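J.: Mind looking over this structure? Questions follow.
What follows draws every value from the coordinates through simple rules; no lab data is involved. Computed from a predicted model, the values in this text were never measured in an experiment. Counting neighbours? That spans all protein chains shown, and the Cβs are built from the backbone with ideal geometry, glycine included.
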Amino acid sequence: MNFRLKRIICLTLAKGTYLLSTILITLNMNAQNYGSFPYEESFKSTGQPFAISIPSVSSGTNSAVFTDAGLKLTNAVQSQFGAVFVNSLQFKTINGIKIEFEYMIYGGEATNNADGISLFLFDASVNNPTIGTKGFGLGYTFNRAIEIYKTARAPGLTGGYLGIGFDNYGNFKSVRFQGESRVNGLSDGNVLRNSNVTLRGAKGAIDSNYKGANIDGYSGYPVLISQSTLTPSLNRKINVNTGAYTSFTSSINAGDAFSLRGGASFNDEQTSNTAYRKAIVELYPWVDNNTNTVLGKLVTVKIQVGTKLVTVIQNFEYPVQLTYIENSYSNMADGDLSNSDGSARSVSKVLNSKAPEYVRIGFAASTGAYYDNHYIKNLKITLPSAAIAADDEVETPLNKQVSIYPFTNDIGFTGPIKPDQIGNSSYLDPSSFRFVDNSGNPLPGYSYATTEGLWLYDPGTSKVIFTPALNYQGEATVKYDIKAGLGGEEPYIDDAYRSLPATITILVTPPQAIVTNLMLQPLIR
């Protein structure tokens with residue numbers, strides 16, 4: 001499905017039949033109570049965006065680089081690691097969060113390529129996070145090691161709340177117990193190898209009873225759920241009361257199986273390209289309807305593959321507290337400080353997995369012996385059930401005024417926020433319309449003049465009217481945003497629930513040639 005909706009309209013009004021130029025307007029501005037929503041960043045520039053930081057990494061260099069094709073986290077070469085995070089923006093979690101981005105994975109060998117991309121959320125009180133281990137950890141988990149390999153040790157992401165691995169190679173979910181690498185995970189992870197979406201949970205508390213986990217950042221981050229995109233029946237989900245893992249009924253239909261790796265680059269929104277991949281991650285409030293108690297978050301991960309949208313993980317119930325099994329401890333008395341491997345043992349632990357009040361987000365990618373290019377682009381961060389504005393296109397002849405009703409293909413929401421909420425344009429508040437500049441900053445009033453012509457908005461009819469400048473030909477564009485919240489309904493009246501900007505494009509065309517000699521008509525194009 002192509003989510004970029006367009007309408008082609010050929011509706012013209014006689015010039016001067018509609019006058020709005022003398023209207024005086026007062027905009028209703030509402031403070032944002034939910035953080036930095038909405039936010040979008042194309043990453044389609046060689047310059048570093050102001051809100052994005054490139055952190056230092058535990059060893060080697062950070063390979064992330066900004067390009068005209070997107071944020072390139074790794075090249076298709078061995079042993080690279082790239083990571084970034086949104087440093088100056090934070091997002092309130094009480095009503096959830098929605099994150100969308102296109103990603104490209106390609107350039108390695110057809111059958112041997114690695115590792116994948118992670119999206120991570122961490123406590124916004126952490127201003128300068130330590131990024132997790134590279135390679136299998138995708139910048140989120142820790143890596144413990146015995147004493148002779150102590151340089152391989154790396155803590156997990158500081159303040160980590162949720163790590164989502166788009167794990168092409170398949171190691172992000174697996175338990176590791178060897179001299180140079182120890183981390184909890186699925187003991188049958190190798191069976192579920194290649195092309196998995198895996199969720200790992202929050203950072204754990206310091207374990208003073210085990211040498212190696214008695215330092216902050218070396219426990220927790222357990223696997224919550226893992227789903228193969230190639231073989232839907234291969235999956236595991238944690239029992240949050242016991243820490244055991246079981247399989248479950250997949251939300252992926254057998255005919256919809258796909259590889260996380262597109263295998264080629266693609267242009268923006270080029271859904272006709274079979275390599276097209278877009279990830280959509282949604283966290284909704286999970287609340288007991290009887291007691292109104294916050295139980296945690298419902299996590300859904302969807303991936304658009306070409307024109308098809310596939311739900312990979314549907315409404316995983318991520319509670320505020322859970323039990324997991326730390327299964328990478330050693331039976332040696334000195335734990336990881338020993339020079340011997342010993343044997344693995346398991347310890348049941350309780351994890352505080354309550355969402356922080358505010359989170360920041362970041363991305364990472366790794367290569368190892370196998371490799372790929374890893375790109376992300378066109379990032380959008382919004383609140384679930386925020387208004388959605390879609391682009392419009394209109395055609396009008398030279399020197400003719402044209403009107404459009406932009407809300408026809410836009411969506412607002414009302415009522416309790418929940419995953420199955422249905423939106424409608426009738427929920428939008430016409431008085432909240434704003435013209436915005438190319439950076440999304442609001443422009444004053446309901447009129448906006450450019451060299452191409454005059455734009456006017458009428459809140460009484462929800463109509464946008466464009467009057468082209470005299471003899472202007474070509475494309476004229478303007479951006480706008482909108483929100484719901486009719487009658488002051490919370491939370492939709494908050495500006496955090498505004499749509500991301502949409503674009504109205506007017507194509508002003510020359511007049512048709514008038515042919516009086518029918519013998520010449522076939523020559524006219």
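J.: Local charge sum around residue 96 (other residues, Cβ-Cβ under 9 Å, Lys/Arg +1, Asp/Glu -1)?
T.: Value of the local net charge: +1.
J.: Oh, and also: With the dipole of the chain worked out from charges on the C-beta (+1 for Lys and Arg, -1 for Asp and Glu) around the Cα centre, which of 389, 199, 409 lies farthest toward the positive end?
T.: 199
J.: Now for a different question. What does the extension gain come out to for residue 269 and residue 439, with contour length at 0.36 nm per residue minus their alpha carbon separation?
T.: Numbers: separation 170, 0.36 × 170 = 61.20 nm, distance 2.00 nm.
Contour length minus Cα-Cα distance gives 59.2 nm.
J.: Further question: Quick check: net charge around residue 472, other residues with Cβ under 12 Å of its Cβ, Lys/Arg +1 and Asp/Glu -1? It would help to have the intermediate numbers written out before the result.
T.: Details: positive: 400; negative: 452, 475.
Counting the neighbours of residue 472, the net charge comes to -1.
J.: Here is a follow-up. List residues of the stretch 433-466, by number, whose backbone nitrogen lies under 17 Å from a label position 7 Å along Cα→C-beta of residue 426.
T.: Only 462 pass the distance filter.
J.: 5 Å is the cut-off here: which amide hydrogens, built 1.01 Å from N in the peptide plane, fall below it relative to residue 214, excluding neighbours closer than 5 in sequence?
T.: Answer set, sorted by chain and number: 207.
J.: Using +1 at the C-beta of Lys and Arg and -1 at the C-beta of Asp and Glu, which of 130, 209, 90 has the Cα lying farthest in the positive direction of the dipole of the chain?
T.: In the chain, that residue is 209.
J.: Just the Kirkwood number for the chain, please: inverse of mean 1/r across all distinct Cα pairs, in Å, one decimal.
T.: Details: mean 1/r = 0.0400 Å⁻¹.
Every distinct Cα pair counted, the radius reaches 25.0 Å.
J.: A further question follows. Please report, largest first and rounded to whole Å, the three semi-axes of the ellipsoid equivalent to the stretch 320-376, where each semi-axis is the square root of five times an eigenvalue of the C-alpha gyration tensor. If you can, show how the numbers build up before the last one.
T.: Details: eigenvalues 180, 118, 19 Å².
After scaling each eigenvalue by five and taking roots: 30, 24, 10 Å.
J.: Applying 1/(1 + (r/R0)^6) with R0 = 35 Å to the Cβ-Cβ distance of residue 470 and residue 307, what FRET efficiency is obtained, to the nearest 0.05? Before the final figure, lay out each step's value.
T.: Details: r = 42 Å, r/R0 = 1.21.
Between residue 470 and residue 307 the formula returns 0.25.
J.: Counting Lys and Arg as +1 and Asp and Glu as -1, each charge on the Cβ, what is the dipole of the stretch 39-382 about the Cα centre in debye, to the nearest 20? Let's see the in-between values first.
T.: Values: 29 positive and 26 negative charges, 37 e Å.
In debye, rounded to 20, the stretch 39-382 gives about 180.
J.: Can you tell me how much longer the chain between residue 340 and residue 287 gets when fully stretched, taken as 0.36 nm per residue apart minus their C-alpha distance, in nm with one decimal?
T.: On the way: separation 53, 0.36 × 53 = 19.08 nm, distance 4.71 nm.
Result: 14.4 nm gained on full extension.
J.: Rg(Cα) of the stretch 119-241 divided by 2.2 N^0.38 Å?
T.: Values: Rg = 13.9 Å, N = 123, 2.2 N^0.38 = 13.7 Å.
Computed over Cα atoms of the stretch 119-241, the ratio equals 1.02.
J.: DSSP beta bridges in the chain, what fraction antiparallel, as a percent rounded to 5?
T.: About 95 percent, rounded to the nearest 5.
J.: For the stretch 31-180, evaluate the Debye formula with one uniform point scatterer on each Cα (no solvent term) and list log10 I(q)/I(0) at q = 0.10, 0.14 Å⁻¹, rounded to two decimals.
T.: The computed values of log10 I(q)/I(0) come out as -0.38, -0.75.
J.: Assuming a ≥ b ≥ c are the square roots of the Cα gyration tensor eigenvalues, decide whether the stretch 367-525 counts as rounded (a/c under 1.5), prolate (otherwise, with a/b larger than b/c) or oblate.
T.: Working: a/c = 2.43, a/b = 1.48, b/c = 1.64.
Here the stretch 367-525 falls in the oblate category.
J.: So what is the relative contact order of the chain, in percent, for Cα pairs below 8 Å that sit 6 or more residues apart?
T.: Values: 1471 pairs, mean separation 107.8, N = 525.
Relative CO of the chain lands at 21 percent.
J.: Got a sec to turn the phi values of the stretch 173-179 into Karplus ³J(HN,Hα) couplings, 6.51 cos²θ - 1.76 cosθ + 1.60 with θ = phi - 60°, whole Hz, x for Gly and Pro?
T.: So the Karplus estimates, Gly and Pro as x, are 8, 8, 5, 10, 9, 8, x Hz.
J.: Below 11 angstrom from the Cβ of residue 443, what's the summed charge of the other residues (Lys, Arg +1; Asp, Glu -1)?
T.: Values: positive: 434, 479; negative: 437, 481.
The answer is 0.
J.: Quick check on the stretch 103-189: take the gyration tensor over C-alpha atoms, sort the square-rooted eigenvalues as a ≥ b ≥ c, and tell me if it's rounded (a/c under 1.5), prolate or oblate. Please report the intermediate quantities before stating the final value.
T.: Numbers: a/c = 1.81, a/b = 1.10, b/c = 1.65.
Taking the square roots of the gyration eigenvalues as a ≥ b ≥ c, the stretch 103-189 is oblate.
J.: Under a crude label model (7 Å from the Cα following the beta-carbon direction), how far is residue 42 from residue 56 in nanometres?
T.: Spacing of the two 7 Å Cα→Cβ label points: 3.4 nm.
J.: What list of ³J(HN,Hα) couplings, whole Hz, do you get for the stretch 149-154 from phi and the Karplus terms 6.51, -1.76, 1.60, once you set θ to phi - 60° and write x for glycine and proline?
T.: In residue order, the calculated couplings are 10, 4, 5, 7, 5, 7 Hz.
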